[in-house]
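Contents: one structure, followed by commentary.
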Amino acid sequence: MTRRFRMSIENRILIPFVSIILIVIIGISMIFFVTEYQVMLQSAKTEGEALTSYLNADINAGEFWKDPEALLQKYEDAYPGDALFIYDEAGNCLFGRRDRADNADGELVLSESMDNRLNWRILISLDRKAMILTFIEEQRYMILAAIAMLILIIQAGMLIAYNISAPIAGFSEICTEISRAPAESRPDAVKEYSRRSDEIGQLADAFTIMMQSMKDYTDQLNWVKALNESIVGNLPTGVVVYDREGNLIFRNSRAEGMFSATEERDAEGRDLDAVFADIVLKKEVLPPPAEMKDPAGKVRHLEFGSWKLRHPDTGADWGTLYTIDDVTYQRHMEEKITNDEKLAYTGRLAADVAHEAKNPLAGIRAGLQVIERKMLSDRDRLLCGEMIREVDRVNRLISNLVDIARRRESEKTWVSLNSLCDELLLLYYKVAENNGINLVVFLQPDLRIMADEQELRQILINLINNSFKALERGGYVLLTGNRTSEGVILTIQDNGSGMDAEKLEAVLQGERGGIGLSIVRRLTERNGGTFRMESTEGEGTWAILTFGGSKGETE
């Protein structure tokens, strides 16, 4: 296994920076040195050519060609350098202050001429090595300055690299700590970096936002996890999960409570653990229900469900989820519904019998009216009148019983409440006047609802009759209708004796002669409305009908 060489971020910044600066300085220095060297060569060449021309002129124009020794002595005294060489026609060196190298690499010829009367060969040649050493000597301060600049640049590079890498290295340590222990991370760990106005500060701000987003997301996940656990744990249904090897991996609290009832047994004497183990062993898709009974004889009905758990993408088998439903209450309600149906049938049978009894009652009432007219004694007439009223009361009870048993299909149409209440006002106007009752109807214009007109008329008649009965010595009955956001609200109010809460509850439950209100409630609900009553003892009663389906809109 090869080991990777890890370079710190400081070196990653410093090495390229110093390398580039070093290359630039060396390049500039080389260019400068080469330029200076070329300038020096060009200057030496110019001086050599001038010296050669001057020497040729001395030979040609003066008298030195007649006295060559004097010429040589002149330049021996006047020329300070060692670059001048003079050779005669035979190649013998007449003038030269050093031994000249034979190879071209050792000597640099600047100027050469034989344009003189003596045919001397005048040569200006420099020792290349000495020239380079002289050049270096002349440029020593520049070289020292370049070295000093390199040292300063390296120091500056190290400082810059440290200033750049230090916050990044510190930031990296914080990220490493957070990655190792996210739960123990300090939210203000990068706060000092956020104060910076450079890219590090921007990175710290972005990191802080990312950490906050991750924290929010983690909190949300934890919340969803806790919520799911709470939902599963508090389900009214028992939940049991097995993996694909048949090992139990989860049971919610409801299931734990069911399995803890070890005293309950089925018909075969098995407890719930044994019943469930048999279901898991057989891997039944539709497990049969179980009826568990405790020693006191209390029965609990259980139903089981089975669902395969699979991977959403690959479809791999994860295990099986089982549910246990306690359907004891449902079974009791089914029995209750069966009993209610039996009672309803009995009621219909009683209603049929009551219907047949109305004809004899009508005959008895007619006979009592005939007898009443023939009675001479006031006491006898009062007795006959009381008997007629009792027959009427029995007849009303029979009529109410028939209405409860009747199941007529509603014929819903748009009903104008204004027209219907006008009819009722005409119907009850004389009755109200004879009993000293002020009947008032106040409805908003064009108030209409979708309902069965016959049933709506029966509802209002029953409620107006109840209000009239509650007014013993006059009073008022107020019928109002209004549109609201809830729909159309009809109110029948009277200022009779009223009822306390106990009596009102009894009347609404059909007791104390409240069978008419049962009819009102049933018919109201059949027409999509609600019915409620309010009453205050000594002040009166309010019957409130709300029809929300139409909201008082016209067709």
Suppose the filter is out of contact with any helix residue (DSSP H, G or I) (no Cβ under 6 Å at 6 or more places or on another chain) and of a type in the set (S, T, N, Q); does SER253 pass it? no
So is MET450 surrounded by 15 or more Cβ atoms within 10 Å (Cβ to Cβ), modelled with pLDDT of 75 or more and not assigned by TED's automatic domain parsing to the domain that holds ARG483 or not? no
So if I check each of THR35, THR52, which one is assigned to a helix (DSSP H, G or I) and free of Cβ contacts under 8 Å to residues at least 40 places away in the same chain? THR35
Search the range 414-443 for residues that are under 15 Å from ILE489 (Cα atoms) and pair each with any residue that is surrounded by fewer than 13 Cβ atoms within 10 Å (Cβ to Cβ) when their beta-carbon atoms are under 9 Å apart and the residues are at least 6 apart or on different chains. SER416/ASP446; ASN418/PRO445; ASN418/ASP446
Among residues of the range 435-447 being outside any loop (DSSP other than H, G, I, E, B) and surrounded by 15 or more Cβ atoms within 10 Å (Cβ to Cβ), the residue farthest from the chain's Cα centre (by Cα) is ILE437
Working only within the range 411-434, note down all residues that are in contact with a Lys or Arg (Cβ under 9 Å, 6 or more places away or on another chain) and either closer than 19 Å to PHE468 by Cα or in a helix (DSSP H, G or I) (or both). LEU417, ASN418, LEU420, GLU423, LEU424
Among GLU303, GLU284, GLU291, which is the only one that is of a type in the set (D, E, K, R) and either on the phi > 0 side of the Ramachandran plot or assigned to a loop (DSSP other than H, G, I, E, B) (or both)? GLU284
Looking at (1) modelled with pLDDT of 85 or more; (2) among the polar types (S, T, N, Q); (3) more than 21 Å from ILE519 (Cβ to Cβ); (4) in contact with a Leu (Cβ under 9 Å, 6 or more places away or on another chain), find the lone condition where THR491 falls short. (3)
Note on the range 351-368: residues under 26 Å from LYS469 (Cβ atoms) and either surrounded by 13 or more Cβ atoms within 10 Å (Cβ to Cβ) or at pLDDT below 70 (or both) are ALA351, ALA354, HIS355, ALA357, LYS358, LEU361, ILE364, ARG365, LEU368
Checking GLY496 against (1) assigned to a loop (DSSP other than H, G, I, E, B); (2) farther than 20 Å from TYR429 by Cβ; (3) over 52 Å from the mean Cα position of the chain (by Cα), which test does it fail? (2)
Test: GLU112 is among the charged types (D, E, K, R) and touching a residue at least 24 places away in the same chain (Cβ under 8 Å): yes
Elements of type strands (runs of 3 or more DSSP E) contained in the range 55-173, each with 1 or more residues being outside the structural domain of ILE200 (by TED's automatic domain parsing), more than 24 Å from GLN42 (Cβ to Cβ) and touching a strand residue (DSSP E or B) at 6+ places or on another chain (Cβ under 9 Å): 84-87, 93-95
Can you find even one residue in the range 220-232 that is surrounded by 10 or more Cβ atoms within 10 Å (Cβ to Cβ) and not in a helix (DSSP H, G or I)? no
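The values are calculated or read from the model by the stated rules, or taken from the named source; none is laboratory data. Computed from a prediction, not measured in an experiment: that's the story for all the values here. Note that each Cβ is placed from the backbone with ideal geometry, even for glycine, and that neighbours are counted across all protein chains shown.
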